[in-house]
Amino acid sequence: MFDSQQALAFANTRLDRPTESVDQLADRDAASRWLAQDLGYSQQRPLRAVEHAELLRLRDSSRRLIQARSAGIPPPAEDLTAVNHASAAAPRAERLGADWLRSVQFTATGSSSPRDFTELISGLASATIALAANPPASIAECGADDCVMLFLRTDPRRHWHSDRCGNRMRAARSYARRRPTTPAR
């Protein structure tokens, strides 16, 4: 239903940068807009408070799980349980083990797009599981000083999630090399 890029986009909806925090799912209206624009999911009614809270919990657990995978450390047990539980609500449930291996369990026939909020949540959890089952080197956090975006590393030499971050860091290094050093007082 969802792919690795969508799982990363979901995990990147909250970014705690050194200078600011950005939360694209800050309230129910913002979450509904993001779901419709970025995932193509829209409901006939606004998100309920309990659904919004569930979405935020899954997002935070997904991000911590992906960061742990990127760092090559064991998955946090609480986040592993939360993502596996959310995935289990789908007709096709994926589970992630503490050894980073995934397994798939079919509970019924499902459709390719979510019909309700439960399918949306389980689809996002399944996409997170599929992403976390990748080798840790394929997932990275942007190497720019003020950026915390997670991305799929398509080239082992890639350190930034975007050309903008890479250009900014290269320019800063170049400027630092050319700037005369002042003697210490």
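The values are calculated or read from the model by the stated rules, or taken from the named source; none is laboratory data. Bear in mind that the values here come from a model prediction, so they are computed numbers and not experimental data. Note that we place each Cβ from the backbone using ideal geometry, even for glycine, and neighbour counts take in every protein chain shown.
Please go through the range 108-122 and give me each residue that is over 18 Å from ARG64 (Cα atoms) and either out of contact with any strand residue (DSSP E or B) (no Cβ under 6 Å at 6 or more places or on another chain) or at pLDDT 65 or above (or both), ordered by number.
Selection gives ALA108, THR109, SER111, SER112, SER113, PRO114, ARG115, ASP116, PHE117, THR118, GLU119, LEU120.
Can you run down the residue pairs with Cβ atoms below 7 Å, 6 or more apart or on separate chains, where the first is in the range 30-52 and free of Cβ contacts under 8 Å to residues at least 60 places away in the same chain and the partner is surrounded by 15 or more Cβ atoms within 10 Å (Cβ to Cβ) and of a type in the set (Gly, Ala, Ser)?
Once the first residue is free of Cβ contacts under 8 Å to residues at least 60 places away in the same chain and sits in the range 30-52, its partners that are surrounded by 15 or more Cβ atoms within 10 Å (Cβ to Cβ) and of a type in the set (Gly, Ala, Ser) give ASP38/ALA9; PRO46/SER32; HIS52/ALA31.
Of a type in the set (Val, Ile, Thr), closer than 21 Å to ALA144 by Cβ and surrounded by 15 or more Cβ atoms within 10 Å (Cβ to Cβ): which single residue out of THR13, THR19 fits that description?
THR13
Determine whether GLU78 is in contact with a Gly (Cβ under 8 Å, 6 or more places away or on another chain) and at pLDDT 85 or above. Don't jump to the end; show me each part of the working.
Numbers: in contact with a Gly (Cβ under 8 Å, 6 or more places away or on another chain): no; at pLDDT 85 or above: yes.
So GLU78 fails the test.
Considering each residue of the range 69-88, count those that are surrounded by fewer than 19 Cβ atoms within 10 Å (Cβ to Cβ) and closer than 23 Å to ALA140 by Cβ, and give that number.
Number of matching residues: 5.
Residue by residue through the range 23-56, note down the ones that are surrounded by fewer than 16 Cβ atoms within 10 Å (Cβ to Cβ), part of a helix (DSSP H, G or I), among the charged types (D, E, K, R) and within 17 Å of the chain's Cα centre (by Cα).
Matches in the range 23-56: ASP38 only.
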